[in-house]
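Before any comments, here is the structure.
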Amino acid sequence: MTTKNKAEIRRLVAAMVELETAETVRIARDLNNRAVNPIDIMTACEQALVEIGERYAAGEYFISGLIMAGEIMNRVITLVAPRMAENVVNMLRGKVIIGTVKGDIHGLGKNIAGALLSAYGFEVKDLGVDVPINEFVDGCRGFNPDIVGLSVLLTSCYPNLGETIQAIREERGQAAAPAIFISGAQVTPEHQKQYQADHYARTAFDTVRLCEKIVRLGLDA
Ligand code: B12
């Protein structure tokens with residue numbers, strides 16, 4: 001990346017942390033038009049979100065700040081998502097259901113992952129946020145996915161994550177599919193073990209690599 005673009009990326013992070021919507025979108029559009037890798041733009045915004053979350057936790061920002069941050073992020077996703085598909089061979093790689101578990105309305109990470117998976121040739125069914133357990137089960141019946149990706153950010157919703165995983169496990173019975181993976185800011189491989197998910201993905205990119213591996217090599221990947 002050029003020095004100028006690096007400086008612009010830093011300005012993007014700073015503008016977003018200050019919740020300056022117009023300025024953040026302007027810089028993101030400018031970087032996008034200059035063909036900066038969309039992943040670098042998204043990563044910068046994720047970095048800003050982490051800082052915004054810290055300011056919220058410290059009592060410097062309120063819920064309105066989180067809402068604004070969500071809106072800014074959605075605008076940047078809309079802006080850069082079309083370019084994520086560039087240079088990707090157009091072939092169907094598999095079917096994935098994604099959703100944020102019951103009680104949790106955080107959807108930005110899931111949206112990024114969904115956009116990336118679609119760009120990489122997966123057919124994605126996005127069940128949205130605050131998804132009741134039975135909707136995941138019904139989704140598996142109707143859509144017959146290779147993979148189900150569950151998102152959770154609120155630690156208070158981890159029990160719902162566990163119940164959703166158990167319900168999908170019951171539904172699949174002895175079948176290997178769908179593979180169940182979990183993701184979300186504070187989720188770790190320990191949670192994967194604790195809640196008996198098959199896989200854990202840290203970022204949206206990890207997700208794509210993981211899904212490619214699962215579909216290519218079978219579910220023991
Ligand atoms: C933006 C935000 C909101 C927005 C969300 C807007 C939206 N449309 O999603 C709104 C305003 C709705 C919100 C609400 C609340 N929030 Co909030 N929020 C955040 C914030 C700042 C950013 C979250 C985010 O989008 N991160 C960016 C994304 C890109 O990261 P990510 O989700 O981890 O996703 C990446 C990977 O994990 C992975 N991934 C994630 N999900 C998935 C799913 C799939 C399928 C795949 C494949 C991959 C994948 O890929 C992504 C890209 O790499 C965080 C702070 C933080 N650092 O996380 C707090 C945070 C999560 N919120 C928090 C809280 C407390 C709340 C509220 C309870 C506040 C309140 N008092 O009402 C409510 C909860 C409402 C509810 N019932 O869910 C706390 C949670 C604390 C805890 N221990 O649980 C945090 C950590 C802030 C803090 N430090 O206190 N929030």
Carbon plus sulfur fraction of accessible area for the chain, probe 1.4 Å, in percent: 52
Estimated [θ] at 222 nm from DSSP helical runs (n ≥ 4, -39500 (n - 2.57)) normalised by residues in the chain, nearest 500: -19000 deg cm²/dmol
Given 14 as the ceiling on other Cβ atoms within 10 Å, longest exposed-site-free region of the chain for trypsin sites (Lys or Arg not before Pro) in DSSP loops: 35-201
Nearest 10 degrees, 0 to 90: helix 158-172 Cα axis against the chain principal axis: 40
Hits among aspartates and glutamates - C-alpha to C-alpha of Lys4 under 16 Å, sequence gap 8 or more where chains match: Asp30, Asp40
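Given the peptides 131-139, 44-52, arrange them by the average over their residues of other C-beta atoms within 10 Å, most packed first.
Packing proxy ranking, top to bottom: 44-52, 131-139.
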Largest-first principal axis extents, alpha carbons of the range 3-84, Å: 37, 25, 19
Debye, to nearest 20: dipole size of the range 3-84, +1 on Lys, Arg Cβ, -1 on Asp, Glu Cβ: 420
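Please go through the residue pairs Lys110/Lys213; Lys6/Lys95; Lys102/Lys213 and name each one whose alpha carbons sit more than 26 Å apart in this structure.
Working: Lys110/Lys213 19 Å; Lys6/Lys95 36 Å; Lys102/Lys213 28 Å.
Checking Cα-Cα distances, Lys6/Lys95; Lys102/Lys213 exceed 26 Å.
Accessible area per residue for the chain in Å², computed with a 1.4 Å probe and the full protein assembly in place, what is it? Don't skip to the end; give the middle numbers.
Numbers: 11140 Å² over 221 residues.
Accessible surface, normalised per residue, equals 50 Å².
Could you compute how fast the chain diffuses translationally, taking Rh as the Kirkwood radius over C-alpha pairs and applying Stokes-Einstein at 25 °C with viscosity 0.890 mPa s? Give it in µm² per second. Don't skip to the answer; put the middle values down first.
On the way: Rh = 18.1 Å.
Taking Rh from Cα pairs, D becomes 136 µm²/s.
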Euclidean distance between Cα centres, the range 1-56 to the range 197-214, Å: 25
Taking the convex hull of Cα positions in the range 94-217, its mean projected area over all directions (nm²): 6.3
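The values are calculated or read from the model by the stated rules, or taken from the named source; none is laboratory data. Note that this is a predicted model, so its numbers are computed, not measured. Reconstructed Cβ throughout: ideal geometry from the backbone, glycine too, with neighbour counts over all protein chains shown. Areas reflect the complete protein model, heavy atoms only, side chains present, ligands, DNA and RNA absent. Shrake-Rupley method; radii C 1.70, N 1.55, O 1.52, S 1.80 Å.
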